[in-house]
Amino acid sequence: MGSWVAVARARTVAGYAIPGIIVFFFWVVVVILAIILLAFLPVLTLTGQEGKLFRPLAWTKTFAVFAATALAVTLVPVLCTFLLRGRVHREEDNVVMRGLRRVYAPTLGFALRRPLAVLSVAGLLFAGGVLLVSRVGSEFMPPLNEGDLLFMPIADPSISLPQNIEIAKRQNTALLSIPEVASAVAKIARADTSTDPAPLNMTETVVSLKPRELWRSGLDIATLRSEMARAVQFPGVTNIWTMPIANRIDMLTTGVRSELGLKVFGRDLRDLESVAKHIADVLRDVPGAASVYPEQLSGAQYLTVTVNRDAAARFGVPIADVQRVVDTAIGETTATTVVTGRRRIPVRVRYAQPYRDTPQTIAQALVSTPAGPMPLSAVARIEPSTGPAMIPSENGLLVVTVLINVSNRDLGGFVREASARLAALNPPRS
């Protein structure tokens, strides 16, 4: 009775009496949670794919241990008083515990008798672990083999849709000629959704592979991908290889289509493209760079219609009338809206295809003047030009991305070496 009173002496906190045993259990819980949080601290600091995958696991286990500890010091003792009945056996009476003691007791005695040898072995193991960690690199999660590959060829921005379709057909034929390929399905440009901003010169081909037991002997995924890359290499086409799920995760986390990307911000697209190409030339020499592609924004073909203000003033034609003809003839305009039940259907009009498919036919579009209708070429210059296929921006600035794929090397080591080379780089000014 005296020992219980000694353990359960009351303490006063904010006017309330708390038994000492409760305070003891409270600090036990605090220490246990602190140890668990320290063990999971490296996991909680992860970013990117690793952070999104493993941080929820670390928090879930921390909360589960907290709940289990709280139940162990509150509910379990109460349940023991109701459920534990009859004779309580000693620990030595358990067969499993006796077996564990036979192994543990001699091991502990040996360690206590020869502490120097035990500490030396532990030190060697620790030094070996540090040496191995220094060679692993900073890549926490190795790439997973999803079973399929995603092949993304990127052509010149000025390529037409029929040309890109023809290239995709030839590349699919080359892929299907490899025995390990089961199917190859290509998607050219963007899908019919607002969440896919892919340009016309980009293709996504999902390459499905046969089961591993049907592969040629001695062939692994890296060798197979190298063989497929050689088979689909075409002049003027840059190939990017990744995996479907990994590509979607990369695009969701960084907005970059490859596993690694470098974004160049600025205010002039031509300067950005020049700097991006120079950076890509430097990164291609970094060991581990499998494919480096600076985005090409310019090169798309346009037909520019520039109003000749002097000619328009001479014929008495307002500038807005010339622009309205271009808008109506080449583009389209809403003439009226048809109401069908609860649906509203806009009726849009423009010239038929034979009257707007070439610069010559567009030049013959009629413009109303006080002297009568006359061709568009009389009051405007119609000439082909090149421009950006798309104008990407981020945080209010124009951006050009250098797409990079890394093979046979960790991403962290590649980034450090690439950063060191780029730090000494003085980009040329155009």
- Query: From the backbone phi of the range 378-387, what are the Karplus-calculated ³J(HN,Hα) couplings (6.51 cos²θ - 1.76 cosθ + 1.60, θ = phi - 60°) in whole Hz, Gly and Pro given as x?
  - Reply: 6, 10, 8, 9, 10, 8, x, 8, 10, x
- Task: Run down the lysines and flag those whose C-alpha is under 19 Å from the C-alpha of K61, throwing out any fewer than 8 positions away in its chain.
- Result: K52
- Query: Along the range 99-108, what does the Karplus equation 6.51 cos²θ - 1.76 cosθ + 1.60 (θ = phi - 60°) give for ³J(HN,Hα), rounded to whole Hz, x for Gly and Pro?
  - Reply: x, 5, 5, 4, 8, 6, 4, x, 5, 5
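Please get the size of the charge dipole for the chain, origin at its Cα centre, with Cβ charges of +1 on Lys and Arg and -1 on Asp and Glu, quoted in debye to the nearest 20. Numbers along the way, then the final one.
On the way: 44 positive and 33 negative charges, 320 e Å.
My answer is approximately 1540 debye.
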- Sorted by average packing, counted as other Cβ atoms within 10 angstrom per residue and highest first, what order do 152-164, 330-342 take? 152-164, 330-342
- Item | Selection from G261, I249, S274 lying farthest towards where the dipole of the range 243-299 points positive, charges on Cβ | I249
- Long-range amide H contacts for L398: which residues qualify at under 5 Å (H placed 1.01 Å from N, peptide plane, sequence gap of 5 or more or a different chain)? G266
- Note on the structure: The long-range amide H neighbours of T369, using H built 1.01 Å from N in the peptide plane and a cut-off of under 5 Å, are M374
- Using per-residue counts of other Cβ atoms within 10 Å, averaged over each peptide, order 348-359, 104-115, 402-413 from highest down. 402-413, 348-359, 104-115
- If one takes the longest principal axis of the Cα atoms in the chain, at what angle in degrees, from 0 to 90 and to the nearest 10, does the Cα axis of helix 269-283 lie? 50
- Message: Per residue of the range 310-315, what does 6.51 cos²θ - 1.76 cosθ + 1.60 with θ = phi - 60° give for ³J(HN,Hα)? Whole Hz please, x for Gly and Pro, Karplus curve as stated.
- Response: 5, 5, 5, 5, 5, 8
- For K263, go through the lysines and keep the ones whose alpha-carbon is under 16 Å away, minus same-chain ones fewer than eight residues off. K277
- Cα axis of helix 161-176 to longest principal axis of the chain: angle in degrees, 0 to 90, nearest 10? 40
- Message: Using the crude model of +1 on Lys and Arg Cβ and -1 on Asp and Glu Cβ, and no other charge, please compute the dipole size for the range 217-264 relative to its Cα centre, in debye to 20.
- Response: 160
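Sorted by packing (mean other beta-carbon atoms within 10 Å per residue), highest first, where do 57-67, 121-131 land?
For the peptides 57-67, 121-131, the packing ranking is 57-67, 121-131.
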- Query: 222 nm [θ] for the chain, helices only, -39500 (n - 2.57) per DSSP H run of 4+, per residue, to 500?
  - Reply: -15000 deg cm²/dmol
- Message: Placing +1 on the Cβ of each Lys and Arg and -1 on the Cβ of each Asp and Glu in the chain, which of L403, V232, M97 has its Cα farthest towards the positive end of the resulting dipole?
- Response: M97
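None of the figures in this text is laboratory data; all of them are computed from the coordinates on show. Keep in mind that what you see is a predicted model, and the values were worked out from it rather than measured. When we count neighbours, we look across all protein chains shown, and the Cβ atoms used for this are built from the backbone with ideal geometry, even at glycine.
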